[in-house]
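Enquirer: So that we are looking at the same thing, I have put the structure below in C-alpha cells.
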Amino acid sequence: MALSVILIAGYVAVLAFVAVRARAAREYAEFSLARRALPLALIFGSLCAAYIGPGFSIGFVGKGFHSGLLFLCVGLAYSVQNILVGVFIAPRLRSLSDCHTLGDAIGHKYNRTCQILAGIISVGLCAGFAAIMAKAAAIVLHEVFGLPMGFTVVLIVLITSVYTTFGGLQASVMTDALQFSLFTILMPVIFLFILIWRIDDSAGTLARELTAATSVGFRSTSPVQIVGLIAAFLLGETLIPPYANRALASRTTSASRNSFILAGLFSAIWFTVMIALGIVARPLVAAGTHEDHVLLTLVKTTMPEAGYMLLPVALISVTMSSLDSLLNAGAVSFTQDIVKPFAMVSDRASLLCGRLATVAIAALAATAAMAVPQIITGLLICYTIWAPAILPVAVLGLWLKKPRPLAGILSMMTGATVALSLQFVWPHATEVPAILLALVAALAAYLVGHFLGGPMEGK
Amino acid sequence: MEPVIFAVAVLVAGLIMASGVWVATVLIANVARVKRPTVSQAQGRAAEQAGL
C-alpha cells in the first residue's frame, strides 16, 4: 500500500510539474486553441490519450477475454473513421482560421442558430462523457484502495479541473502527452511480461485461446448486433468536441491531417494489444469473471506487487486524459457557441467565462457520475445522440459550397430527437441499431431542409 | 503459425512503446522550451492579429 501511495504521489507531482510548465492561459485564444501552435507529436499523443478511455482499455481487455478477435474487427471501424477524418475533414476544419470549435465552424457555414444548437449538443455531450470518465477513474481508485466512491469521484474531478481551468487547452494537451507516454509504456510491458514469463508455451497458448475465444465471440453475437457495434464505433465518436478542437489547434493543416491518420493507425495496434491481453488472461483468470474486472484480476494475480501498483497509475492516466479534454472542450464550446453569439464579450471576459464553465461542467460531471449505471451503456447513449445530431451537418457543411441553414437546423433537431426517443422512450421499438435509424432520419431532414431552405443571409 | 502470432504480438507492443517514447521526447523538448512571451513578442502578435 505504501508503494502504491508513493507511485501515485510521484505521478501527481510529475503531472503538476508539466501542468505548471504549460502555464496559465492569459488570453482566450490560448485557453481555447493554445494559439494554434501545437506540433504533430503532441496533437497525436493528445488525440490518442483522449480517445483511449476506460472503454478502449479495461473494456477491450474484457471483450478480448470473452469474444477474442470479434472486438478487434469492430474496433478497426474506429481506426478507419480516424483515418477518414484525417484525410477528408481535419484539413478543411483547420483551414477555417477564425473558428474555435466545431459549433463555430457550423455557425460559419450555416448561421448563428445552427451554431447555438451545435453548442448546446456539444456541451451536453461533453458533460455526459465527463461523468462517465469520472465514474471510471473512481471505480479504479475504489477497487485498488477501497476509498469511498463519492470521495474518489470528487478527488479525480478536482485534480483534473484545477489544471484544465487555469491552463486551458495547452495544459490539457501537454498533460495528455505525459499520460499517453505513461500508459503506452506500462500497458505493453504488462502484456509482454505476462506473455513471456507467466504462460507456458506462450505462442501455442496464445494461438489456441485466440481461436477458441474468437469462435465463441462470433457464435454468441448476431449479425445485427455486429452491424450496430460497427456503426457505433465508425460514427459515434467522430469529431466529438475534444477531437475537433485538436484539429483546429494544430500548427498546420498537414499536422492536423497527419495527426488523425497516425491516431487511426495507432488505434489499430492499441486494440490488438488490449484484445491480446484479454486472450492471454483466459488460462489465468476464472472463466466467469466480469469483463470490467478481467484486467485488474489478471494483473493482480500475475504481476509482482510493484507491477500491480503501476496499473492504477496507468488506468488513472487513461481516464484523466479523456476527462481533461472533455472539460476543456465543453467549456470552450459553451463560451464560443452559446455565450458569444448573444453578446459582444471581451477577450478577458471570454477567458473568465471559459474558466467558470470548466468548473461548472466539472461539478455537473461529478454529480452525474454517481448516477451513471454502466460505463459502456453510458458511452453508447452518448454515441447514439452525437452522430445523428451533428455529423451530417458538420460533414456536409464542410463539403457543400452553399449549405442551407434550414437543412442544418432540421437535421440537428431531427437527429437528436429521434436518437433520444429511441434511447429513452421506445428502447425496444426495433432491432435496427438506434444510431443508424437516427442517422437516416437526420440525413432525410437535411435533404428536405436543403431543397426547401434558402442560402445563408449575406452570403 | 504460432511463431508468427508471437512475433506480431511483440511487434505491436514494441510499436506502441515507440509511440510513447516519441511523444515523451517531444513533450520534454516542449516543457524545456515553454516560456512566457516577451513584451515585444506580445506586441508583435497583437499587431499581427490587428492586421498591421
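The values are calculated or read from the model by the stated rules, or taken from the named source; none is laboratory data. The structure displayed is predicted, hence computed values, not measured ones. Cβ: placed from backbone, ideal geometry, glycine included. Neighbour counts: every protein chain shown. Surface accessibility is based on the protein's heavy atoms, side chains included, excluding ligands, DNA and RNA. Shrake-Rupley method; radii C 1.70, N 1.55, O 1.52, S 1.80 Å.
Enquirer: When you go through A:Val339, A:Val332, A:Val294 one by one, which is the residue that is β-branched (Val, Ile, Thr) and closer than 24 Å to A:Thr377 by Cβ?
Expert: A:Val294
Enquirer: Here's another thing I want to ask about it. Filter the stretch A:220-252 down to the residues that are among the polar types (S, T, N, Q) and out of contact with any Lys or Arg (no Cβ under 7 Å at 6 or more places or on another chain) and list them by number.
Expert: If the condition is that a residue be among the polar types (S, T, N, Q) and out of contact with any Lys or Arg (no Cβ under 7 Å at 6 or more places or on another chain), then A:Ser220, A:Thr221, A:Ser222, A:Gln225, A:Thr238, A:Asn245, A:Thr252 are the ones that fit.
Enquirer: Just wondering, is there one or more residues in the stretch A:129-150 that are more than 14 Å from every other protein chain (Cβ to nearest Cβ), at pLDDT 85 or above and under 19 Å from A:Ser250 (Cα atoms)?
Expert: No: zero hits.
Enquirer: So how many residues does the stretch A:251-260 have that are open to solvent by 40 Å² or more (accessible area, probe 1.4 Å) and touching a strand residue (DSSP E or B) at 6+ places or on another chain (Cβ under 8 Å)?
Expert: 1
Enquirer: Give the number of residues within the stretch A:26-71 that are within 19 Å of the chain's Cα centre (by Cα) and away from every other protein chain (no Cβ under 11 Å).
Expert: Looking only at that region, the number is 16.
Enquirer: Search the stretch A:277-296 for residues that are closer than 20 Å to A:Ala137 by Cβ and pair each with any residue that is of a type in the set (A, V, I, L, M) when their beta-carbon atoms are under 6 Å apart and the residues are at least 6 apart or on different chains.
Expert: What qualifies is A:Leu277/A:Val61; A:Asp292/A:Ile58; A:Val294/A:Val61; A:Val294/A:Ala281; A:Val294/A:Val285; A:Leu295/A:Ile58; A:Leu295/A:Val61.
Enquirer: Hey, can you tell me all the residues within the stretch A:16-46 that are within 21 Å of A:Ile159 (Cα to Cα) and touching a Ser or Thr at 6+ places or on another chain (Cβ under 6 Å)?
Expert: Hits for the stretch A:16-46 are A:Val18, A:Ala19.
Enquirer: If the requirement is being open to solvent by less than 30 Å² (accessible area, probe 1.4 Å), at pLDDT below 90 and in a helix (DSSP H, G or I), which of these qualifies: A:Ser321, A:Ser333?
Expert: Being open to solvent by less than 30 Å² (accessible area, probe 1.4 Å), at pLDDT below 90 and in a helix (DSSP H, G or I) holds for just one of A:Ser321, A:Ser333, which is A:Ser321.
Enquirer: Within the stretch A:211-231, can you find the residues that are touching a Leu at 6+ places or on another chain (Cβ under 6 Å) and under 27 Å from A:Ala118 (Cα atoms)?
Expert: Hit for the stretch A:211-231 is A:Ala231, nothing else.
Enquirer: Looking at the stretch A:261-283, can you tell me whether even one residue there is touching a Gly at 6+ places or on another chain (Cβ under 8 Å), surrounded by fewer than 18 Cβ atoms within 10 Å (Cβ to Cβ) and among the hydroxyl-bearing types (Ser, Thr, Tyr)?
Expert: No: zero hits.
Enquirer: Specify the residue that is farthest from the other protein chains (Cβ to nearest Cβ); the eligible residues are those in the stretch A:165-185 that are under 29 Å from A:Ser350 (Cα atoms) and open to solvent by 10 Å² or more (accessible area, probe 1.4 Å).
Expert: So the residue we want is A:Thr165.
Enquirer: For the stretch A:230-250, does any single residue satisfy the condition of being within 14 Å of chain B (Cβ to nearest Cβ), of a type in the set (Ser, Thr, Tyr) and surrounded by fewer than 23 Cβ atoms within 10 Å (Cβ to Cβ)?
Expert: So far as the stretch A:230-250 goes, no, none of its residues is within 14 Å of chain B (Cβ to nearest Cβ), of a type in the set (Ser, Thr, Tyr) and surrounded by fewer than 23 Cβ atoms within 10 Å (Cβ to Cβ).
Enquirer: Quick check on the stretch A:95-106. Is at least one of its residues within 14 Å of chain B (Cβ to nearest Cβ), open to solvent by 10 Å² or more (accessible area, probe 1.4 Å) and of a type in the set (A, V, I, L, M, F, W, C)?
Expert: No, the conditions are met nowhere in the stretch A:95-106.
Enquirer: Looking at the stretch A:337-355, I want the residues that are among the β-branched types (Val, Ile, Thr) and have a partner that is open to solvent by less than 50 Å² (accessible area, probe 1.4 Å) and in a helix (DSSP H, G or I) with Cβ atoms under 7 Å, at least 6 apart or on another chain. Which pairs are those?
Expert: Pairs that qualify, where the first residue is among the β-branched types (Val, Ile, Thr) and the partner is open to solvent by less than 50 Å² (accessible area, probe 1.4 Å) and in a helix (DSSP H, G or I), are A:Ile338/A:Ile116; A:Ile338/A:Gly119; A:Ile338/A:Val123; A:Val339/A:Cys353; A:Val345/A:Val339; A:Val345/A:Cys353.
Enquirer: Can you tell me which of (1) away from every other protein chain (no Cβ under 14 Å); (2) among the polar types (S, T, N, Q); (3) open to solvent by less than 50 Å² (accessible area, probe 1.4 Å); (4) over 24 Å from A:Met133 (Cα atoms) is the one A:Gln225 doesn't meet?
Expert: Result: A:Gln225 fails condition (3) only.
Enquirer: Take the residues in the stretch A:1-28 that are among the small types (Gly, Ala, Ser) and surrounded by fewer than 20 Cβ atoms within 10 Å (Cβ to Cβ), then tell me which one is farthest from A:His100 (Cα to Cα).
Expert: Among residues in the stretch A:1-28 that are among the small types (Gly, Ala, Ser) and surrounded by fewer than 20 Cβ atoms within 10 Å (Cβ to Cβ), the one farthest from A:His100 (Cα to Cα) is A:Ala2.
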